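The values are calculated or read from the model by the stated rules, or taken from the named source; none is laboratory data. Owing to the predicted nature of the structure, the values given are computational and were not obtained by experimental measurement. Positions of Cβ are backbone-derived with ideal geometry, glycine not excepted, and every protein chain shown enters the neighbour counts.
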Amino acid sequence: MVMKKNIVPGIIAVCVILVMAVPILTNIFVNGKMKTITYPELGDVISSTGSYGFKLVYVAPSSSEDIEEAREAVKEIVGSYNLVGTTEEIPLEMAYMDYDVLDDTQKTAIFGSEKSTEKIAYLLIANNELLKTILGPVSDSVLSDYVSAFSANGIPKDMQKFKVAEDAKEYSKLVKRKNTVTMAVFGRDTCFYCNQFKVVYNNVADEYNLDDIYYFDSSSYDKTEYDKIMDSGLTIPASCNDTEKDVPLQTGFGTPLTLFTKNGKVIDCIDGYANKEKLITKLKTVGMIKEDEK
C-alpha cells in the first residue's frame, strides 16, 4: 500500500507534464510543417485565417530540383515571426501549393494572365483576405520584409506608403486643403487591430498610388503636438461613436479611428478595423479612388 501511495503523486506529475507538452508538440508537428494544399482548398485557407491570423501560401513546381530547399527557406522565414500586439504569441502559418497540378484556369487566377510565364508565387493572407500576391521568385530578405509587413510585425521603412505628419501645424494644413481629401488613422503601435489595419491601408496606398494617407501613433507621437491635434476642433461623426451625434475629437475614441477631411471639415470616418474591400469602397465614396480604377 505504501508503494502504491508513492506512485500516485508520480502519475499525477507525469499527467501534468503531458498536458503541458501537448500544445508544444502540436505547435512543432502541426504548425511547424508546411502543409500541402490544392487550389480548391485555398478558399478554406483564406476564410479560416481569423481575426488574429496570417498565412502564407507558397506556390511553386514540385518538379523543381531545389523545391525542398526553397520550401525550407520559406518555412524558416515565416517561422521566425510571431504576431505582435496580442496577449499571446501566435505562430504564423504556411502552406504549399504545387504549380504542376494546377489547371490553366487556376494558374490564371493566381498569376493574373493566361500568358504569364511565372511559376512561383507567394500568397499573403490576413484577416480572412488574400491581401497580396507576390510573383516570384524573390530573395529571402525581400520575402522576410513582406512577411514582417503583412503579418503586422512592422512594416519596413522602404515598404511604408503611408505618411506621418511632422506636427499639428502640418496636419492642420492637410485638413484645410481645398478639394483634397486626407485620410488620417489615429491609433497606437501596441494596439493589435491598429497594426492589422496598417497592413491593409499601406497595401491599398501602394496599389492605388495614394499620397494622402497619414498615421498618428498616440504612444510615440509628440504628446504636445498630439494634444493640439485633439483640440483642433475636428469632430467624430455620429456613425463612428456611441452617442449618435457628432462629438469633438478630444472627447476620446477607441483605436483605430480613421477620419477623412476636406476643406477643413471631417466628411467621413471608419470606426475600428476595416478589411481591404471595405476600405477601397470607402476611399471611392470620399473620392480618393476613382470608381473606374481597379
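Here are a few things to note about the model shown:
- Candidate set from the range 94-131 (those that are out of contact with any helix residue (DSSP H, G or I) (no Cβ under 6 Å at 6 or more places or on another chain) and basic (K, R)); member that is surrounded by the most Cβ atoms within 10 Å (Cβ to Cβ): K107
- Test: residue in the range 267-277 that is out of contact with any Pro (no Cβ under 7 Å at 6 or more places or on another chain) and in a helix (DSSP H, G or I): yes
Matching residues to (1) out of contact with any helix residue (DSSP H, G or I) (no Cβ under 9 Å at 6 or more places or on another chain); (2) buried (at least 16 other Cβ atoms within 10 Å of the Cβ); (3) closer than 21 Å to N127 by Cα:
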position	(1), (2), (3)
T235	no, yes, no
A238	yes, no, no
E244	no, no, no
V247	no, yes, no
K262	no, yes, no
K276	no, yes, yes
I280	no, yes, yes
G287	yes, no, no
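- Only one of K132, K107, K115 that is within 20 Å of the chain's Cα centre (by Cα) and not assigned by TED's automatic domain parsing to the domain that holds I213: K132
- Options F150, F197: the member that is assigned by TED's automatic domain parsing to the domain that holds M94, aromatic (F, W, Y) and within 19 Å of G53 (Cα to Cα): F150
- Within the range 21-54, tally of residues that are modelled with pLDDT of 90 or more, within 19 Å of the chain's Cα centre (by Cα) and surrounded by 14 or more Cβ atoms within 10 Å (Cβ to Cβ): 3
- Within the range 194-222, tally of residues that are surrounded by fewer than 16 Cβ atoms within 10 Å (Cβ to Cβ) and within 15 Å of V164 (Cβ to Cβ): 4
- Qualifying position, being without any contact (Cβ under 8 Å) to a residue 60 or more places away in the chain and either surrounded by 14 or more Cβ atoms within 10 Å (Cβ to Cβ) or not assigned by TED's automatic domain parsing to the domain that holds A60 (or both), among V175, V164, V181: V164
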